[in-house]
Structure formats: C-alpha cells, structure tokens
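Shown next, in structure tokens, is the structure this report addresses.
The values are calculated or read from the model by the stated rules, or taken from the named source; none is laboratory data. Just so it is clear, the structure is predicted and the values come from calculations on it, not from any experiment. Every residue, glycine among them, receives a Cβ derived from its backbone with ideal geometry; neighbour counts consider all protein chains shown.
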Amino acid sequence: MKRSLFPGLTLVFCLVFFYLPLAVVVVGSFNDSRFGGDWRGFTLKYYNQLLRDREIRGALENTLVIAFWSTLTCMVLGTMAAFALHRHRSRLQFFHLSLIYSPLVAPEILMGISLLLFFGAVGADLGMTTIYLGHVTFCLSYVAMTVLGRLQDFDFSLIDAARDLGASSWTATRKILLPVIAPGIIAGGLLAFTLSLDDFVVTFFLSGAGSKTLPIYIYSSIKRGSTTKLNALSAILLVVTFLVVIISHFTAGRLDRSEKTKEAKASG
C-alpha cells in the first residue's frame, strides 16, 4: 500500500506557518536596516540599545514581579481549589466549579472592564496591586484545572492507609499527596507565569502611573513606530520561553519517573 504524502506535507505547512514569522523576527533583530525592509548587514546594536534602555528594564521588572507573585498565589489557591472540588461533593460544588471555569471562557476584555469597574467602585488606585489581583483572577483557573486533572488519577485510599498507620494529616499530605500532584502544580504554575507574562488586555485596563509592563511598553512603542529594539526584545523572549518549556518538560518527566519508581518499590 502506497503511503500518502498528505500528513507530512500538512505537518511541514503547519511548522512553516507557525515558526516562519518567529524566524523573521529573530533575523530582523540582527539586521542593520532601521525599518527592516531589506538586509543591510549583521549588527548587535539593537541588543546593546536594549540593555541600556531604562524604560524597558523598568517594564521588564514590573512584569516579572507581577508574574512571580501572581503565579505563586495561584499555585497555592489553585491547588486548594482543585482539592476541594475533587475531594468534597455537595450541591454548592457546582457553583464552585462554575466560578473556576468562568475565567477560562469569559472574554479578556470583559474581565478587564469588570475588574476596572470593581476597583473604581471600591476606590482602589490603579497600579501594580490591581494588576497583580487581576492576573490572579484569571490565572488561578488554569492552575486549578491542571491540578484537578492530576488529582483524578490519585488513589486517596493511600492517604487513608497512611493515617491508619499513624501518620498525621500533614505528614500524609506532604509525603504522599504532594509528590503525586507536584507535576500538575508545576505545569499549572508555568502556564500561569506565561499567561501573566504576556497578558495585555487585563493589564491595559488595570495599569496606572508607574506600573507599565512589557506588553504595555511594546504596544506603546508600536504606536510610536519604534520597532527596531522590539525585534531584539522578541528574540530574547523567544529564547527564554523555549528554555522554560524545555526545563518544565524535563522536570515533569523526572518527577513522573521518580513517582513511578517509588510506587514500584512500595508494591514490590
């Protein structure tokens, strides 16, 4: 039977469609042309300008601070929400699940406007704190759903057996439950960090004076027509993103292999 070339051609087309624009941006970051229309020679001056730009460093610092703290908060609250959804069954859990799912399906612009109206109604000043709370609002759902999927494969009779053998609730949770769901927590945290890092819509509505993040800076730079340094910035962000994905992949794989090894030893 003759093999079809259609699946391979489809794969090549998808790869070119997704990665060719990224390759153009990376190549453009080394182009000496001011507007990037044609190749004028190799240069690193845009990277040098990027490192000396205080406005970019300030925007990057704000972005990383918000992403770090919102991710940390979402990992804690999302894990607790997932545990409550999976472990406890009641009529109120339907509303709890609806609250967790809502940010996943609600349009970002609707969330941004709603949060802006809420903070305005309570008299809160727009700034880093409001952006942080906004990011926690929509990132928490992703962590909760990721951890919930991990909990569905966990046998809670192991917790009961550990309690029967004299382990406290905290010991059973720390030594049995947390190692099993750790890949889900890490995956959800990395997803929340990425979403917080590149969020524009919610941040745009909740930012105030002195709270400009990297997406807001990129947007304002494009409006001014200044795109030379943005290619270099985009190239650096791409490299960092790929490194984070690779590290998370190997970390999750090692945790899974470690957990399977422990289970095999316990069963043996």
Worksheet item: Consider VAL180 against the criteria (1) in contact (Cβ under 8 Å) with a residue 60 or more places away in the chain; (2) within 28 Å of VAL105 (Cα to Cα); (3) in contact with a helix residue (DSSP H, G or I) (Cβ under 7 Å, 6 or more places away or on another chain): it satisfies all of them except one. Which criterion is unmet?
Response: (2)
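Kindly indicate whether VAL143 is under 30 Å from SER221 (Cβ atoms), touching a residue at least 60 places away in the same chain (Cβ under 8 Å) and assigned to a helix (DSSP H, G or I).
Working: under 30 Å from SER221 (Cβ atoms): no; touching a residue at least 60 places away in the same chain (Cβ under 8 Å): yes; assigned to a helix (DSSP H, G or I): yes.
It is false that VAL143 is under 30 Å from SER221 (Cβ atoms), touching a residue at least 60 places away in the same chain (Cβ under 8 Å) and assigned to a helix (DSSP H, G or I).
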Response to the item:
So, first residue closer than 12 Å to TYR46 by Cβ in the range 17-31, second residue among the aromatic types (Phe, Trp, Tyr) and surrounded by fewer than 12 Cβ atoms within 10 Å (Cβ to Cβ), Cβ within less than 9 Å, six or more apart or across chains; the pairs are PHE30/PHE42; ASN31/PHE42
Worksheet item: When only residues in the range 3-31 that are surrounded by fewer than 11 Cβ atoms within 10 Å (Cβ to Cβ) and part of a loop (DSSP other than H, G, I, E, B) count, which is farthest from the chain's Cα centre (by Cα)?
Response: ARG3
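Run down SER248, SER267, SER258 and say which single residue is surrounded by fewer than 16 Cβ atoms within 10 Å (Cβ to Cβ) and modelled with pLDDT of 65 or more.
SER258
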Worksheet item: Scanning for something touching a Phe, Trp or Tyr at 6+ places or on another chain (Cβ under 8 Å), within 21 Å of GLY184 (Cβ to Cβ) and aliphatic (A, V, I, L, M), does the range 109-125 turn up at least one residue?
Response: no
Fill in: the range 195-210, residues that are polar (S, T, N, Q) and either closer than 17 Å to PHE250 by Cβ or buried (at least 23 other Cβ atoms within 10 Å of the Cβ) (or both)
SER196, THR203
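Just to be sure, is THR241 under 29 Å from GLY28 (Cβ atoms), modelled with pLDDT under 80, more than 19 Å from the chain's Cα centre (by Cα) and among the polar types (S, T, N, Q)? Lay out the reasoning, then the answer.
Working: under 29 Å from GLY28 (Cβ atoms): yes; modelled with pLDDT under 80: yes; more than 19 Å from the chain's Cα centre (by Cα): no; among the polar types (S, T, N, Q): yes.
Judged against the criteria, THR241 is not a match.
Restricting to the range 77-121, count the residues that are out of contact with any Pro (no Cβ under 8 Å at 6 or more places or on another chain), within 27 Å of LEU214 (Cα to Cα) and not small (Gly, Ala, Ser). Spell out how you get there, then give the answer.
Restricting attention to the range 77-121, the residues satisfying the condition of being out of contact with any Pro (no Cβ under 8 Å at 6 or more places or on another chain) are 77-110, 112-121.
Then drop every residue that is not within 27 Å of LEU214 (Cα to Cα), which leaves 77-78, 102-110, 112-120.
Keeping just the survivors that are not small (Gly, Ala, Ser) gives 77, 103-105, 107-110, 113, 115-119.
Qualifying residue count for the region: 14.
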Fill in: Within the range 56-66, tally of residues that are more than 21 Å from VAL136 (Cα to Cα) and touching a helix residue (DSSP H, G or I) at 6+ places or on another chain (Cβ under 7 Å)
1
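Taking the range 67-121 as the search range and keeping residues that are aromatic (Phe, Trp, Tyr) and touching a helix residue (DSSP H, G or I) at 6+ places or on another chain (Cβ under 8 Å), which one is nearest to THR173 (Cα to Cα)?
Step one: list which residues in the range 67-121 are aromatic (Phe, Trp, Tyr), which gives 68-69, 83, 94-95, 101, 118-119.
Now drop any that are not touching a helix residue (DSSP H, G or I) at 6+ places or on another chain (Cβ under 8 Å), which leaves 68-69, 83, 101, 119.
Working: PHE68: 25, TRP69: 24, PHE83: 11, TYR101: 26, PHE119: 37 Å.
Checking each candidate, the answer is PHE83.
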Discussion item. I'm told ARG87 meets every condition in (1) crowded, with 16+ Cβ neighbours inside 10 Å; (2) within 26 Å of VAL180 (Cα to Cα); (3) of a type outside the set (A, V, I, L, M, F, W, C) except one. Can you identify the failing condition by its number?
Written reply: (1)
Worksheet item: Inside the range 33-60, can you point out the residues that are modelled with pLDDT under 80 and over 16 Å from LEU230 (Cβ atoms)?
Response: ASP38, TRP39, ARG40, GLY41
Worksheet item: How do the pairs read when you match residues in the range 49-71 that are among the acidic types (Asp, Glu) with residues anywhere that are surrounded by 16 or more Cβ atoms within 10 Å (Cβ to Cβ), using Cβ under 9 Å and keeping only pairs 6 or more apart or on different chains?
Response: ASP53/LYS229; GLU55/LYS212; GLU55/TYR217
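Let's see how each residue does on (1) over 23 Å from the mean Cα position of the chain (by Cα); (2) within 30 Å of LEU177 (Cβ to Cβ); (3) surrounded by fewer than 17 Cβ atoms within 10 Å (Cβ to Cβ); (4) of a type outside the set (Asp, Glu):
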position	(1), (2), (3), (4)
ALA82	no, yes, no, yes
LEU92	yes, yes, yes, yes
ILE109	no, no, yes, yes
LEU117	yes, no, yes, yes
GLY123	yes, no, yes, yes
ILE131	no, no, no, yes
GLY134	no, no, no, yes
LEU151	no, yes, no, yes
ASP155	yes, yes, yes, no
